[in-house]
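Where a number appears in this text, it was derived from the coordinates with a stated rule and is not lab data. Every value quoted in this text rests on a predicted model; they were computed, and no experiment measured them. Cβ placement follows ideal geometry from the backbone for every residue including glycine, while neighbour counts extend to all protein chains displayed.
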Amino acid sequence: MIKLTIDNRTVEVEKGTTIYHAAKKLDIDIPTLCYMNLGDLKIEHKPGGCRVCVVEVEGRRNLAPACATECFEGMVVQTHSIRVLNARKTVLELILSDHPFDCLICAKSGNCDLQDMAIKMGVRSIPYQGEKSTYKPDFSPAIIRDMDKCIMCRRCETMCNDFQTVGVLSGVNRGFEAVVAPAFERDLDHSECTYCGQCVAVCPTGALTEVDHTTQLIRDLADPAKKMVVQTAPAVRAALGEAFEMEPGSLVTGKMVAALRRLGFDYVFDTDFAADLTIMEEGTELLDRLTRFLDGDKKVKLPMLTSCCPGWVNFFEYHFPDMRDIPSTARSPQQMFGSIAKSYFADQINTKREDMVVVSVMPCVAKKYECTREEFSVNGNPDVDYSISTRELAMLIKRSNMDFNRLPEEDFDQPMGESTGAAVIFGTTGGVIEAAVRSAYEIHTGKTLKKIDFEQLRGIDGIRSASVDFDGIEINIGIAHGLGHARKLLEDIKAGRSDYHAIEIMACPGGCVGGGGQPLHHGNPAIIKARQKAIYREDAGKPIRKSHENPAIIKLYEDFLGKPMSEKAHHLLHTHYFDKKQKDVLLD
Amino acid sequence: MTSIKLKLKESEVQQLREVAKSFNNAPGELINVLHRAQEIFGYLPAEVQEVVAQELNVSVAKVYGVVTFYSFFTMLPRGRYPISVCTGTACYVRGAEKVLDEFKRILKVPVGETTADGKFSITCLRCVGACGLAPVVMVGDKTYGRVTTDGVKDILKEYEEAE
């Protein structure tokens with residue numbers, strides 16, 4: 001242990017502790033801007049680049065960045081001496097001197113770390129005048145880059161390179177010209193970007209934001225000729241409340257439904273319905289592959305990988321295209337929903353698909369890209385017209401003068417609002433595979449599960465594994481969240497080191513609860529864990545907790561699809577993948 | 001940074017692979033590998049960077065980041081007579097900028113680019129250790145000291161006559 005003094009108070013810390021963390025022990029909150037620490041998710045970013053966290057260390061000539069300076073025995077630190085306060089303010093003024101002053105109309109306004117810091121430091125003028133960065137904005141189908149607002153904290157690079165191992169973003173050029181950009185400064189659309197949106201989730205300013213579909217939605221809602229259908233992803237209900245000052249982990253399912261109805265949607269449905277449908281298709285596919293494997297079929301591809309997450313799908317299409325026959329062919333719940341809404345449900349309400357607008361509310365930005373994929377449209381009409389994030393929904397609710405906290409709790413419409421507990425847990429890492437196991441076990445063995453909760457599949461570690469006893473057959477299950485962790489599992493499969501039968505992969509930390517479209521966690525991982533708990537709470541409270549027991553799903557198969565993996569199901573609910581490595585990214 | 005498009009020959013790709021291999025394909029050797037690659041090709045087009053990235057198992061974005069950070073690396077082919085004007089402190093205070101402007105004016109290309117006939121390219125460098133001769137200009141390996149704006153056309157003439 002090391003003893004040191006911070007602001008005239010003594011504290012004891014372990015060797016290797018930084019001044020920032022030592023100060024935390026004394027409840028001294030040294031301001032930071034570029035620093036980010038996502039605790040249990042094992043992501044720490046401390047480039048010491050912004051210099052906002054500087055402190056005075058006795059005997060040291062220059063000021064030290066608290067986030068990146070280790071404590072030593074007998075160290076004497078001042079965190080708010082006049083020299084520190086002046087330096088900190090100067091640093092911030094210099095950062096602001098190359099920042100556009102369009103806070104009033106910035107997408108991040110009110111939710112911006114840089115703005116918060118300017119308020120905290122009491123900046124009232126920018127004494128430094130001079131040239132400002134001008135960089136061409138980049139509009140991709142999911143993410144917008146406005147590098148004029150970049151403060152070079154480089155958190156996005158840590159997420160893109162270290163956590164996701166996608167490697168699209170890097171600091172390029174030098175000095176005043178320096179910018180974070182893809183290789184050869186191409187657009188994201190011409191890079192290997194998976195649109196996971198984790199760069200957006202950690203960007204402290206408005207440099208990285210999602211494509212905004214709210215204007216189009218307001219216009220469509222006002223058009224009486226259009227039948228407006230909305231679906232909400234499982235993880236949205238566990239996070240939306242945060243945008244209305246509720247505690248992280250508050251469940252707002254009923255209020256969210258009420259809000260969507262008041263916004264003017266004709267049918268408020270649930271992506272959870274489609275998640276149950278996914279289990280029917282994906283679970284059947286898994287059982288089919290397993291049965292063939294156990295019967296000695298050497299050609300069968302195992303482990304089967306889940307395919308719900310569009311960031312993950314993009315990832316293997318770019319980085320492991322030769323393995324694209326391993327993931328399940330089941331479409332994601334968002335796309336299954338769109339496909340059924342514009343066929344089965346369209347028939348029920350006697351409406352042409354062209355007159356319907358299917359909108360999804362997603363914790364995700366990659367979903368925006370997913371619904372633009374050509375294979376998910378019929379004669380140019382997309383199954384899901386567009387997707388809005390949890391953040392965009394919160395903004396719309398505020399704009400529409402609703403007091404969200406006082407809204408009544410309402411139920412989803414039927415039939416596509418019916419869902420089970422198995423569908424809800426799609427929102428967290430481990431949930432899809434648990435839902436699949438619940439159904440696959442019962443369908444395979446013909447027995448009823450004694451215990452529905454598979455605790456061994458839950459948790460927050462990046463890579464987890466567990467075995468489930470299928471009546472004498474051990475089924476080995478792998479779970480990864482974060483594409484860097486997924487990469488490890490894929491490399492094991494490639495090298496023949498993997499004995500998993502099924503693997504669930506989610507691109508974002510914690511799964512969809514930590515998605516790139518969720519209310520910003522501002523570097524607090526406890527928020528993601530609270531949402532995860534809420535998801536399991538919602539599951540536990542559901543009367544039906546197994547997908548194959550969802551009465552609306554049973555009816556859908558009886559009336560329309562036949563059985564899982566039928567020809568019709570294949571046509572509407574399954575897909576195929578592409579080798580994107582060969583895509584000529586030089587076309588710009 | 002502007003770049004030009006080209007297709008590498010299989011033999012060139014193989015050459016790059018061998019360079020990477022001679023550095024044990026270690027990501028930490030990126031700068032050394034890029035140095036060798038630039039010696040071979042004269043510059044570092046996107047296609048070369050892509051092969052280097054693949055061989056060293058680093059992202060192309062990172063390679064591009066390094067190439068654009070160090071002024072020594074270039075993504076454009078240099079002229080047959082690469083002109084380097086020193087803009088270090090000593091040369092700068094003794095009129096390097098005016099000399100540079102004169103080169104740009106006569107050759108009609110900006111810094112970092114090459115004349116259409118492929119003959120001359122202009123770059124800036126920082127200090128060649130000949131501050132006593134400031135301002136200094138290098139053309140290829142040849143050094144010119146105490147260059148004046150009037151002297152620029154004489155230097156160019158030397159190389160125009162050489163062809």
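Some observations on this one:
- Across segment B:10-69, C-alpha contacts under 8 Å between residues 6 or more apart give a mean separation that, scaled by the residue count, equals a relative contact order of 36 percent.
- Difference of contour (0.36 nm per residue) and Cα-Cα distance, A:Leu104 to A:Arg124: 5.6 nm
- Highest mean packing first, where packing is the average number of other Cβ atoms within 10 Å per residue, the peptides A:138-145, A:312-319 line up as A:312-319, A:138-145.
- Separation of alpha-carbon centers, segment B:1-61 and segment A:487-523, rounded to whole Å: 31
- For segment A:52-210, the fraction of alpha-carbon pairs in successive 10 Å shells from zero, as %: 10, 34, 32, 20, 5, 0
- Helix runs (DSSP H) in chain A reaching 18 Å along axis by Cα, Kyte-Doolittle at least -1.0: A:82-97, A:271-294, A:431-445, A:525-540
- Peptide-level mean, for B:49-62, of C-beta atoms on other protein chains within 10 Å: 4
- Only Lys, Arg, Asp and Glu carry charge here, each on its Cβ (+1 for the first two, -1 for the last two); on that basis segment A:2-97 has a dipole of about 240 debye about its Cα centre.
- Listed residue pairs exceeding 25 Å between alpha carbons, taken from A:Lys46/A:Lys367; A:Lys149/A:Lys368; A:Lys255/A:Lys450; A:Lys494/B:Lys21; A:Lys368/A:Lys580: A:Lys46/A:Lys367; A:Lys255/A:Lys450
- Over chain A, relative contact order from alpha-carbon pairs under 8 Å, at least 6 apart, %: 16
- Between the C-alpha center of segment A:187-257 and that of segment A:262-323 there is a gap of 23 Å.
- Kirkwood Rh, Cα atoms: Rg over Rh of segment A:157-202: 0.96
- Segment B:93-143 versus segment A:353-416: alpha-carbon centroid distance in Å: 59
- Max mean-square fluctuation residue, GNM over chain B, Cα-Cα springs under 10 Å, options B:Tyr43, B:Tyr144, B:Tyr70: B:Tyr70
- Antiparallel DSSP beta bridges within segment A:392-535, percent to nearest 5: 60
- Considering only A:Pro303, A:Gly16, A:Val365, and ranking their Cα positions along the charge dipole of chain A that arises from unit charges at the beta-carbon of Lys, Arg, Asp and Glu, the one farthest toward the positive end is A:Gly16.
- Whether segment A:418-495 is rounded, prolate or oblate, judged on the alpha carbon gyration tensor where a/c under 1.5 counts as rounded: oblate
- In terms of its C-alpha gyration tensor, segment B:10-69 comes out rounded, because the ratio a/c of the largest to the smallest axis stays below 1.5.
- Rounded if a/c under 1.5, otherwise prolate or oblate - the protein assembly as shown, Cα gyration tensor axes: prolate
- Average other protein chain Cβ within 10 Å of Cβ, residues A:468-477: 0
- Among the residues of A:183-191, the average count of other protein chain beta-carbon atoms within 10 Å of the residue beta-carbon is 4.
- Chain B: C-alpha pair distances exceeding 28 Å, %: 31
- Think of chain A as a dipole: +1 on every Lys or Arg Cβ, -1 on every Asp or Glu Cβ, centred on the Cα centre; then among A:Met416, A:Gly496, A:Gly515, A:Gly515 lies furthest on the positive end.
- Student exercise, segment B:105-163 dipole from Lys, Arg, Asp, Glu Cβ charges, in Debye to nearest 20: 300
- Between helix B:10-22 and chain B there is an angle of about 90 degrees, using the helix long axis and the longest principal axis of the Cα atoms.
- DSSP finds beta bridges in segment A:451-588, and of those with both partners inside it, around 60 percent are antiparallel.
- Selection from A:Ile144, B:Ser84, A:Ser343, by position along the positive dipole direction of the protein assembly as shown (Cβ): B:Ser84
- Selected from B:Ala61, B:Ala90, B:Ala37 as most flexible by GNM, with chain B as the system and alpha-carbon contacts under 10 Å: B:Ala61
- For the protein assembly as shown, the dipole from Cβ point charges (+1 on Lys and Arg, -1 on Asp and Glu) about the Cα centre works out to 1580 debye, to the nearest 20.
- Segment A:396-486: GluC sites (Glu not before Pro) in DSSP loop, at most 12 other beta carbons within 10 Å: A:Glu409
- Within chain A, percent of DSSP bridges classed antiparallel, to nearest 5: 55
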